[in-house]
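Encoded as structure tokens, the structure appears first; notes follow it.
The values are calculated or read from the model by the stated rules, or taken from the named source; none is laboratory data. Since this is a predicted model, take the numbers as computed values, not measurements. FYI the Cβ positions are ideal-geometry reconstructions off the backbone, even for glycines, and counts take in every protein chain you see. Ligands, DNA and RNA are excluded from the accessible area calculation, which covers all protein heavy atoms including side chains. Shrake-Rupley method; radii C 1.70, N 1.55, O 1.52, S 1.80 Å.
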Amino acid sequence: MGSLLEAHAVSKKFGEHTALNKVSIAVPKGSIFGLLGPNGAGKTTLIRIINQITMPDTGHVTLDGQALQPHHIKDIGYLPEERGLYKSMKVGEQAMYLARLKGLSKSEAKERLLYWFDRLEIGDWWHKKIQELSKGMAQKVQFIVTVLHSPKLLIFDEPFSGFDPINANLIKDEILNLKAQGATVIFSTHRMESVEELCDHIALIHKSNKVLDGKLTDIKRQYRSHTYEVGIRAHNHDALQNELAQKFEVTPTNFKSLENDLMLNIKLSNGTTPNDLLGYLSNKGQVSHFVELIPSANDIFIEAVKKNS
Amino acid sequence: MNHLALIIQREYLTKVKNKSFIIMTILSPLIMMALVALVAYLSQLNNTKERTISILDKSALVQEVFEDTETTKFVVLEGMSLKEAKIASKESNYYGLLFIEDVNDIDTLSTRIKFFSEEPASLSIISDLENKLEEELTNLKMQEEGIDLVKIDASKVRVNIGQESFVGEKTSKVDSVVKLIFGGLAGYLLFMFIIIYGNMIMRSVIEEKTSRIIEVIISSVKPMQLMLGKIIGTSLAGITQFVIWIILGAVLMTGMSMIFGVELTQSNAAQQELIKQAMESPEVSMEIQNVLMAFYNLPIANLIMAFILFFVSGYLLYSSLYAAIGAAVDNETDTQQFMLPILMPLILAVYIGIFTVIEDPHGTVSTVFSFIPLTSPVVMLMRIPFGVPVWQQLLSLGILIGTFMLTVWFAAKVYRVGILMYGKKPSYKELYKWLKY
């Protein structure tokens, strides 16, 4: 599948500070692309460049193979991290205003807004002022305005902040639904569990440089350490642990066993298969637990950031 | 509908529909009227208060001079000592006592006049008394020296210089006053407009920043469009407010004169008669003719054209600066350090307009400041009724528009960077850096 959006060696400096250093990414069509990185890494700058809010110093960005142009604005829906609404304007009025700024006609904007208001069960807010709504309620309105003009590319910067778990789930389902309808999503967040749940691809930006990118499963494969978490019940746990430590690389685990089993992380050296380990262990006692430790997005994030610091 | 029109529409409607805006629009003329009425009433109250001043003239030279007026009565005391006179005046609750010593030599007498009162007497009363005494004593002295007063009166000459320019346009003092009023009004209007609506623009930019909607908006429109839309929308709301003020003011004025006017004509028939007589006298009718001529002589077409052009470009110049300030800061309290450089030239312009243009509309100072872009709109508007060569007007306008474009460029830069900057109060140095982003 081709890429919807590509950034080629994009650099941006603010005075002396380099915000982005030759960052390239390719966002595959129809995917959910996680744009990750610690605070101040340059994610927001990259997103603003994609939105044509800031211009890159060097490098260029293409959407559907075309260099970014002003008319592409209506193909993108952007939910910024720093977001708000006019306090003294009525919900319906400003939703209409924002929709029409994206190029929708008056009647079309109204029709779609009514559909979405109904869908997210906020139909009776139309005549309320934003200052009467809670933060989470305002976020719903912002979400609707972002997706209303059915853009090809959706950019969500921390979309779940300010939502309670129920509404966060609702929004997550809507994002997946939009993906199913063919939209491509760039998703920037610190919350690794939502990356795990949603993203197909990720790119990690650290100190203005891209340090990692690819399919999430590929990256996980790349970061796997062939470590297994095992639980075993034997007569003499200390003796067994010493014995194992001589044969394999053994570290203690945080996992608490239900029974009083010996719990260990065992890293396989080259040439040893999981079956070898399992066979060996089953001779020593009752194996109650045996699972490969797949690196979580969180682990990968921390490791990649550490490696590049 | 394109983006700019949408932004203008929103800015205009939110301003116009804002409750405090509506209240201000309706209440301001009412409050103004009430104030004017109050001041008029109070000053009338003050005038009608009657004072009595007693006179103890030991020399008996001047006591006959003082005639009662509407507000001041004079009582001549006789055969009393100063002490008795003081007590008598105090008991009768007189405003004061004028005491003149018994000296025959007028030069000595003039230094021996005293005024006693409960509290320090008002300046206007003292100078009134002084004027009368001076006049009378001068006359007395002239008589003493054997000068014929009748001859002096007869030989007094009045001069009225008829002014005319080299090309033959008649001008007069009245002419200058009319021009001054026109120019002053135009300049002051611009000044007020910039202050009121420039601030409104600034607040509206800050509001977008604090409500964090700005990034949502500029992912759809260019910052430049947003800024221009804001300036134009707010200005249109300002014009609406001004027009309503003028209409309301006119209606209230006519209403007031309808109510009070009737009373006036009834009670002051004598006064009316007096005015009518005055009108018919040749001197006054000349004056009125002069006023009409002055209006007629004003370069009306030039005035209107120049007013529109200088008003619009001057206002846009300042409002883009206001927008830039709004973008650079997070909240209104941080605006102070940037407001000064804006307000200084503006206030300077008004002062130069008031002091220098009156003195000499085509002098060096007024001419120079009518070219300097930040002061030129106000100063030039004040100068134009006095007739400014077209090349000067065009040059000044050219400089102004050039600066305006430069300022918009600068403001747009600051705006573009500033609206996405949060948390810190920028310094001038930082603003300079933003220009290079």
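Restrict the check to region A:247-266 and report whether at least one residue is open to solvent by less than 40 Å² (accessible area, probe 1.4 Å) and of a type in the set (G, A, S).
The answer is yes, given that some residue of region A:247-266 is open to solvent by less than 40 Å² (accessible area, probe 1.4 Å) and of a type in the set (G, A, S).
For region A:41-53, enumerate the residues that are assigned to a loop (DSSP other than H, G, I, E, B) and open to solvent by 20 Å² or more (accessible area, probe 1.4 Å).
Answer for region A:41-53, where residues must be assigned to a loop (DSSP other than H, G, I, E, B) and open to solvent by 20 Å² or more (accessible area, probe 1.4 Å): just A:Q52.
For region A:104-115, check the following and say yes or no: at least one residue is more than 25 Å from A:K179 (Cα to Cα) and more than 9 Å from chain B (Cβ to nearest Cβ). Checked against the condition, which is being more than 25 Å from A:K179 (Cα to Cα) and more than 9 Å from chain B (Cβ to nearest Cβ), region A:104-115 yields at least one hit.
Beta carbons closer than 7 Å, at least 6 apart along the sequence or on distinct chains, pair a first residue in region B:306-333 that is over 25 Å from B:G183 (Cβ atoms) with a second that is of a type in the set (S, T, N, Q) and open to solvent by less than 10 Å² (accessible area, probe 1.4 Å) for B:I325/B:T335; B:V329/B:T335.
Scanning region A:64-87 for residues that are open to solvent by 30 Å² or more (accessible area, probe 1.4 Å), facing another protein chain (nearest Cβ under 8 Å) and either of a type in the set (D, E) or touching a strand residue (DSSP E or B) at 6+ places or on another chain (Cβ under 6 Å) (or both) gives a single hit, A:E82. Every test in (1) over 19 Å from B:F193 (Cβ atoms); (2) away from chain A (no Cβ under 14 Å); (3) modelled with pLDDT under 85 is passed by B:K436 save one, and that test is (2).
In this structure, B:I201 does satisfy being closer than 30 Å to A:H72 by Cα, within 27 Å of the chain's Cα centre (by Cα), surrounded by 13 or more Cβ atoms within 10 Å (Cβ to Cβ) and not acidic (D, E).
Does region A:153-162 contain any residue that is more than 30 Å from A:V305 (Cα to Cα) and assigned to a loop (DSSP other than H, G, I, E, B)? No - not one qualifying residue is present in region A:153-162. Look at (1) β-branched (V, I, T); (2) touching a helix residue (DSSP H, G or I) at 6+ places or on another chain (Cβ under 8 Å); (3) open to solvent by 100 Å² or more (accessible area, probe 1.4 Å) and you find that B:I100 fails only one, number (3). Checking the structure you have, find out if any residue of region A:134-153 is within 11 Å of another protein chain (Cβ to nearest Cβ), open to solvent by 10 Å² or more (accessible area, probe 1.4 Å) and more than 20 Å from A:I175 (Cβ to Cβ). The answer is no, given that none of the residues of region A:134-153 is within 11 Å of another protein chain (Cβ to nearest Cβ), open to solvent by 10 Å² or more (accessible area, probe 1.4 Å) and more than 20 Å from A:I175 (Cβ to Cβ).
Within region B:1-51, the residues that satisfy the criterion of being of a type in the set (D, E, K, R) and either touching a residue at least 40 places away in the same chain (Cβ under 8 Å) or open to solvent by less than 80 Å² (accessible area, probe 1.4 Å) (or both) are B:R10, B:E11, B:K15, B:R51.
Part of a helix (DSSP H, G or I), surrounded by 16 or more Cβ atoms within 10 Å (Cβ to Cβ) and either away from every other protein chain (no Cβ under 14 Å) or modelled with pLDDT of 85 or more (or both): which single residue out of B:I239, B:I231, B:I247, B:I288 fits that description?
Of the residues listed, the single one that is part of a helix (DSSP H, G or I), surrounded by 16 or more Cβ atoms within 10 Å (Cβ to Cβ) and either away from every other protein chain (no Cβ under 14 Å) or modelled with pLDDT of 85 or more (or both) is B:I231.
Just to be sure, is B:F115 in contact with a Gly (Cβ under 8 Å, 6 or more places away or on another chain) and under 26 Å from B:M142 (Cα atoms)? Yes, satisfied. Among the residues of region B:251-273, at least one is more than 30 Å from A:L98 (Cα to Cα), at pLDDT 85 or above and more than 13 Å from chain A (Cβ to nearest Cβ). For region B:101-139, filtering for residues that are in a helix (DSSP H, G or I) and either closer than 17 Å to B:E67 by Cβ or of a type in the set (G, A, S) (or both) leaves 14. I'd like to verify a number: residues in region B:191-226 that are within 14 Å of another protein chain (Cβ to nearest Cβ), over 17 Å from B:K17 (Cα atoms) and assigned to a helix (DSSP H, G or I), how many? Here the count works out to 14. Comparison of B:L27, B:L6 shows that the only residue that is at pLDDT 85 or above, in contact with a Lys or Arg (Cβ under 7 Å, 6 or more places away or on another chain) and not β-branched (V, I, T) is B:L6. Among strands (runs of 3 or more DSSP E) entirely within region A:199-309, having at least 1 residues that are within 25 Å of A:V27 (Cα to Cα) singles out A:201-206, A:209-215.
Taking the listed residues B:K151, B:K141, B:K90, B:K132, the one that is among the basic types (K, R), at pLDDT 80 or above and in contact with a strand residue (DSSP E or B) (Cβ under 9 Å, 6 or more places away or on another chain) is B:K90, with no other qualifying.
Results for (1) within 14 Å of chain A (Cβ to nearest Cβ); (2) in contact with a helix residue (DSSP H, G or I) (Cβ under 6 Å, 6 or more places away or on another chain), shown as yes or no for each residue.
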site	(1), (2)
B:I354	no, no
B:P361	no, yes
B:T364	no, no
B:L374	no, yes
B:P377	no, yes
B:L400	no, yes
B:M405	no, no
B:L420	yes, no
